1. If Ala29 satisfies all but one of (1) at pLDDT below 95; (2) open to solvent by 10 Å² or more (accessible area, probe 1.4 Å); (3) not in a loop (DSSP other than H, G, I, E, B), what's the number of the condition it fails?
2. Taking Gly217 and the conditions (1) open to solvent by less than 20 Å² (accessible area, probe 1.4 Å); (2) at pLDDT below 95, which numbered condition does it fall short on, given that it satisfies the others?
3. Return yes when Ile86 is over 15 Å from Val19 (Cα atoms) and either surrounded by fewer than 20 Cβ atoms within 10 Å (Cβ to Cβ) or over 13 Å from the mean Cα position of the chain (by Cα) (or both) and no when it is not.
4. Do the conditions hold for Tyr272, that is, is it open to solvent by less than 70 Å² (accessible area, probe 1.4 Å), modelled with pLDDT of 90 or more, in contact with a Lys or Arg (Cβ under 6 Å, 6 or more places away or on another chain) and over 15 Å from Asn220 (Cβ atoms)?
5. Listed residues Glu270, Glu235, Glu252, Glu239; which is out of contact with any His (no Cβ under 7 Å at 6 or more places or on another chain), closer than 30 Å to Ala6 by Cα, touching a residue at least 12 places away in the same chain (Cβ under 8 Å) and acidic (Asp, Glu)?
6. So in the range 38-60, with the set limited to residues that are of a type in the set (A, V, I, L, M, F, W, C) and modelled with pLDDT under 90, which one is most open to solvent (accessible area, probe 1.4 Å)?
7. Considering the range 290-305 alone, what residues qualify as being open to solvent by 40 Å² or more (accessible area, probe 1.4 Å), free of Cβ contacts under 8 Å to residues at least 40 places away in the same chain and either in contact with a strand residue (DSSP E or B) (Cβ under 6 Å, 6 or more places away or on another chain) or more than 15 Å from Tyr272 (Cα to Cα) (or both)?
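The values are calculated or read from the model by the stated rules, or taken from the named source; none is laboratory data. The structure presented is a predicted model; accordingly, all values stated were derived computationally and were not measured. Because the Cβ atoms are built from the backbone with ideal geometry, glycine has one as well, and the counts that use them run over all protein chains shown. All accessible areas refer to the heavy atoms of the entire protein, side chains included, with ligands and DNA or RNA removed. Shrake-Rupley method; radii C 1.70, N 1.55, O 1.52, S 1.80 Å.
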Amino acid sequence: MAKSTAENTFLRLKTVLDVLTEGVWSGDALNAGQVLAEATARVPFNEHEAELLSGGIPRGHKTLTSATAKLVKAGWLVKGRSGWTITDEGMRATVAFPDAVSFASALDAGTPIPADVQVPTAPEGFVRKTTAVPETAVAATDTKKTPAKKTPAKKAAAAVGKAAKVLEDAVEPVVKAVRKGKAPAKTEEAAAPALAESFEGPDVETHPQPEAVAVAGDFNTILGAPENWAPQYDEAQMEFDFLDQIWKKSAELPAGFYTFKIALNRSWDENYGAFGAFDGPNHELHHAGGTVTIRYNHSTRDITIN
């Protein structure tokens, strides 16, 4: 098993696709909680990842759940109310990028799957095997006494099944904010430091997020919206980065002086201006022209522009 949180997380993301692919082959459907439980059973938590955070959820499980947004963005996984579904592209990805390094680099860089890679079919004699504790078994342990000594990894494994559903419900509104897009290609060597940095920063307690965040100001029409200062339009919406827990909006703007506010849930009912003040004065942007990126941290109301 890989030692770093970054490597472990990408191994589990690959395993999520493997588990879903096996489900297609066998015709057995697993819900999101069972898929995550199986992924963490096959790639167990290290001691750091097994530590339980608030709500009894293992640190590694929160990291994995948030990171599955990468699979959605890549078009390899679809999350719906009825469960998770792997796409043909997701199944092809398990073949095109069979090892952890190539899979991690491709997922992070948005590397397209080679056209000659076919959707994998079940090997002869395939029988689906799972190693995770069934949800019913996890629930049963709630009413039975457990041994006095229990390793952190075993405690985490017992909590995963119950935590999965709770965490999925918490982040479901934010999943809607993930939009498909491709990042510039990177070499494996260049991507490696970025991959490690993505998962080895401070562990994030998922902060409740709004369903939508808009940059509403006097430049919305430049972005293609019908009018300015209108947070209801798609053109004004920011995208949520699960790993950074930051809302982001990049755009090409002509040189000039602009003003804007951050508006939540496509209305002005809750908005934040300069210094994160509720219904405060406008943010100001003196722009030299070209690409500008605006970032909004909902937990602190901070805005950064570059």
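1. Tallying (1) at pLDDT below 95; (2) open to solvent by 10 Å² or more (accessible area, probe 1.4 Å); (3) not in a loop (DSSP other than H, G, I, E, B), Ala29 fails exactly one: (3).
2. Going through (1) open to solvent by less than 20 Å² (accessible area, probe 1.4 Å); (2) at pLDDT below 95 one by one, Gly217 breaks only (2).
3. Working: over 15 Å from Val19 (Cα atoms): no; either surrounded by fewer than 20 Cβ atoms within 10 Å (Cβ to Cβ) or over 13 Å from the mean Cα position of the chain (by Cα) (or both): yes.
Considered against the rule, which asks whether it is over 15 Å from Val19 (Cα atoms) and either surrounded by fewer than 20 Cβ atoms within 10 Å (Cβ to Cβ) or over 13 Å from the mean Cα position of the chain (by Cα) (or both), Ile86 comes out as no.
4. Values: open to solvent by less than 70 Å² (accessible area, probe 1.4 Å): yes; modelled with pLDDT of 90 or more: yes; in contact with a Lys or Arg (Cβ under 6 Å, 6 or more places away or on another chain): yes; over 15 Å from Asn220 (Cβ atoms): yes.
Yes: the conditions hold for Tyr272.
5. Being out of contact with any His (no Cβ under 7 Å at 6 or more places or on another chain), closer than 30 Å to Ala6 by Cα, touching a residue at least 12 places away in the same chain (Cβ under 8 Å) and acidic (Asp, Glu) holds for just one of Glu270, Glu235, Glu252, Glu239, which is Glu239.
6. So in the range 38-60, the residues of a type in the set (A, V, I, L, M, F, W, C) come out as 39, 41, 43, 45, 50, 52-53, 57.
Narrowing the set further to residues that are modelled with pLDDT under 90 leaves 50, 52-53, 57.
Values: Ala50: 3, Leu52: 88, Leu53: 32, Ile57: 12 Å².
Only one residue fits best here, namely Leu52.
7. Listed by number, the residues that qualify are Arg301, Thr304, Ile305.
A quick yes/no check of all residues on (1) touching a Lys or Arg at 6+ places or on another chain (Cβ under 7 Å); (2) in contact (Cβ under 8 Å) with a residue 40 or more places away in the chain; (3) open to solvent by less than 20 Å² (accessible area, probe 1.4 Å):
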position	(1), (2), (3)
Gln209	no, yes, no
Ala212	yes, yes, yes
Pro226	no, no, no
Leu243	no, yes, no
